[in-house]
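For reference, the structure discussed in these notes is given below.
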Amino acid sequence: MPKHKIYLSLGANLGNREANIKTAIKYISELIGTVVRQSALLETAPWGFESNNCFINAAVCCETLLSPREVLETTQHIERTLGRTQKSTNGRYHDRPIDIDILLYDDLQINEPDLIIPHPHMHERQFVMQPLSEIIN
């Protein structure tokens, strides 16, 4: 079966932020597929909400056999495993121990209520684009 190339954005602003990112990447490699590239970690201010907790952000490129829907379900499982209890809805963001977003999945374009690929806001967010630019080819 052909492998799909996906790009994921990771962010954490609660707990041991670096450890949360590294643990999430470990889970991604175990549950989603081989992580072939990883950006440096980037510390950024919160975006879209007020918080005293800065984020650590990163991006990874992964090769997977999973479908886009399976990748979404798996990333949400990883988030819950690492302690995330609420998702951002209707543009309302919260502090979180981990956030994993699907940025790109091959050249697919998907527009479903809970799954939009490419990620619709990635170009507005320097904390996404800077790590992504390090690893995208």
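Can you tell me which condition I117 does not meet? The list is (1) at pLDDT 90 or above; (2) open to solvent by 30 Å² or more (accessible area, probe 1.4 Å), and all the others hold.
Evaluating I117 over (1) at pLDDT 90 or above; (2) open to solvent by 30 Å² or more (accessible area, probe 1.4 Å) leaves (2) as the failure.
Do we have D101 as over 12 Å from the mean Cα position of the chain (by Cα) and either within 9 Å of A59 (Cα to Cα) or of a type outside the set (S, T, N, Q) (or both) here?
No: the conditions fail for D101.
Quick one: in the stretch 25-46, of everything that is among the small types (G, A, S) and in contact with a strand residue (DSSP E or B) (Cβ under 6 Å, 6 or more places away or on another chain), which residue is most open to solvent (accessible area, probe 1.4 Å)?
Checked the stretch 25-46; the qualifying residue most open to solvent (accessible area, probe 1.4 Å) is S29.
I'd like to verify a number: residues in the stretch 73-91 that are in a loop (DSSP other than H, G, I, E, B) and modelled with pLDDT of 90 or more, how many?
1
Which of the residues spanning the stretch 44-55 are in contact (Cβ under 8 Å) with a residue 24 or more places away in the chain and more than 14 Å from the chain's Cα centre (by Cα)?
T44, P46, W47, G48, F49, S51, N53, C54
Being within 15 Å of P131 (Cβ to Cβ) and assigned to a helix (DSSP H, G or I) is the filter here; which residues of the stretch 15-67 pass it?
Residues satisfying the conditions are R17, E18, I21, K22, A24, I25, I28.
Among (1) surrounded by fewer than 20 Cβ atoms within 10 Å (Cβ to Cβ); (2) closer than 16 Å to F127 by Cα, which single condition is G11 missing?
(1)
Can you tell which of H94, H4 is open to solvent by 40 Å² or more (accessible area, probe 1.4 Å) and either closer than 16 Å to Q126 by Cα or modelled with pLDDT under 95 (or both)?
Going through H94, H4 in turn, the sole match is H94.
Limited to the stretch 47-60, what total is found for residues that are surrounded by fewer than 18 Cβ atoms within 10 Å (Cβ to Cβ) and not acidic (D, E)?
Total meeting the criteria: 7.
Run down E63, E70, E124 and say which single residue is at pLDDT 95 or above, acidic (D, E) and open to solvent by 70 Å² or more (accessible area, probe 1.4 Å).
E70
The values are calculated or read from the model by the stated rules, or taken from the named source; none is laboratory data. Note that the coordinates shown come from a computational prediction; the quantities given were computed from them, not determined experimentally. Cβ atoms come from the backbone with ideal geometry, glycine included; neighbour counts cover every protein chain shown. To get the accessible areas, we keep the full protein, side chains included, count just its heavy atoms, and leave off ligands, DNA and RNA. Shrake-Rupley method; radii C 1.70, N 1.55, O 1.52, S 1.80 Å.
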